[in-house]
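Peer 1: This structure is in structure tokens; I'll ask about it shortly.
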Amino acid sequence: MTSLSELRAIAQQRVSDEQAARERARAAAIAEQARQDQARRDAEEARVRAEREERIRVEEARAAAEREARLRVEAHEASERARHAAELEQRRLADEIELRRAEVAKKRPRWMIAVTAVALVATVAFGAYAVDRANEADAAQHAARAADDARAQAQADMREARARVDAAQRELDEMSAKIDTALKQVADAQDTIALREAQAHLKAMQLAKLEAQRHLEELKAAQLKKERDGGIHTDCTNQSLCK
């Protein structure tokens, strides 16, 4: 009877050991499959992230080039308007001088008329030149200030957007580390209950990572949209900068 009981105990122990071994093998297979799936997802996410970062870099370069070109065009337009206004003023003064010269010709000797005309022409020319230079200097200074303000604002907006994206990226990286820990817990599970708990925890971590990934995508999309829109605030007292 003792030998029979011992044999039964040995048989039961062997069955238990075999069942535990099968459970561990199945848990290891599940963990390995989850690890491989996670590795594929991480690789795909890395590829998508690299492509998105490259698109963002290209968009940033394009937006910067467009801003510089727009500022150059606006500065040139302001200079042209100032030059045109100076030309109009010069023509108006020239017309007035011509009228006055005609009136004076009836009353003064010719040498006085010539001297007066030369003095008036010189005065008008000097005044027009001074006005032209002053207008160009004002336009250039205003364009430079507007460009500096726009550049500073754009840089501040970019820093803020990048800070939000970096924070979301760090959160996503932390979730990846937690998933690795959950995978290890699945692989190390010793019984069915521990395996189920580890699998449930792994699933929760994967869902949390998907939510973090979605949040990161939204922040990056918002950042890209802001860059495409320009993100530059100009001084609307200059109408050419607000078009």
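The values are calculated or read from the model by the stated rules, or taken from the named source; none is laboratory data. Please read all numbers here as calculations on a predicted model, not as lab measurements. Ideal geometry is used to build each Cβ from the backbone, glycine not excepted, and the neighbour counts take in all protein chains shown.
Peer 1: Suppose we keep only residues that are surrounded by 17 or more Cβ atoms within 10 Å (Cβ to Cβ) and among the charged types (D, E, K, R) within region 65-83. Which one would you say is nearest to Glu136 (Cα to Cα)?
Peer 2: The qualifying residue nearest to Glu136 (Cα to Cα) is Glu74.
Peer 1: Which residues, counting only those in region 45-94, are small (Gly, Ala, Ser) and within 18 Å of the chain's Cα centre (by Cα)?
Peer 2: Of everything in region 45-94, those that are small (Gly, Ala, Ser) and within 18 Å of the chain's Cα centre (by Cα) turn out to be Ala50, Ala61, Ala63, Ala64, Ala65.
Peer 1: May I pose another question? Looking at (1) modelled with pLDDT under 75; (2) crowded, with 17+ Cβ neighbours inside 10 Å, which is the only condition Gln213 fails?
Peer 2: Only one criterion is unmet by Gln213, namely (1).
Peer 1: Looking only at region 23-54, count how many residues are loosely packed, with under 12 Cβ neighbours inside 10 Å and over 24 Å from Ser176 (Cα atoms).
Peer 2: Residues meeting the conditions: 1.
Peer 1: Working only within region 157-201, note down all residues that are among the basic types (Lys, Arg) and either within 21 Å of Gln213 (Cβ to Cβ) or in contact (Cβ under 8 Å) with a residue 40 or more places away in the chain (or both).
Peer 2: Arg162, Arg164, Arg170, Lys178, Lys184 - these are the residues of region 157-201 that are among the basic types (Lys, Arg) and either within 21 Å of Gln213 (Cβ to Cβ) or in contact (Cβ under 8 Å) with a residue 40 or more places away in the chain (or both).
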